[in-house]
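Notes follow the structure.
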Amino acid sequence: MLLAFAAPASAVVIPPGPQILLTWADLGSGTAYSLQSTTDLTTWTTVAGTAATNVSLSLSGNPLCAFRLLAANAPPQTATLSWDSSISAGVAGYNLYYGGSSGNYTNKMSVGLTTNGVATNLLAGAKYYFAVTACTSSGLESAYSNEAVWQCPLVLNIQPSP
């Protein structure tokens, strides 16, 4: 049995076989990927360091093996967010807030009357929390919207090799 973890967490279970293929999406030029494995979830061993977006491995020994994928030197990532327009009269624009922990928004971006925004220069693998406020022309702001959470997708796909 094979179990895979990645960030954000996802798992795939397949029966062990002679060889498996692990693939993931490219985060951009210059990214270095590290594929790690464990049989006890406490000690991780690097099984491949590569700039490629796939690794082929032979399985042997322990019938349960977990994998995780890490990325280094990835170029800045972007997240596109959209929201419904406010029904309140007097809305002159929106502010998009985001940061690295829930409710702690260290970045503010004014987007005018559009109902979407693009956050740039985000670190690959980092988790970001987003909220929006509506504001009036005199600078009054609404309470924060519901919070959205985004993490750069490092999804590890596992399949038996042909």
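Computed from the coordinates by the stated procedures, all read-outs in this text should not be read as laboratory data. Predicted, not measured: the structure shown is a model, and the values here were computed from it.
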Counting residues in region 107-147 as N, plug N into 2.2 N^0.38 Å and put the Cα Rg over that result.
1.33
What percent of all Cα-Cα pairs in region 77-151 falls in each 10 Å bin, counting up from 0?
20, 54, 23, 4
Separation of region 106-162 and region 31-59 by C-alpha centroid, Å?
29
What is the extension gain from Lys108 to Asn157, computed as 0.36 nm multiplied by their sequence separation minus the C-alpha to C-alpha distance, in nm to one decimal?
14.1 nm
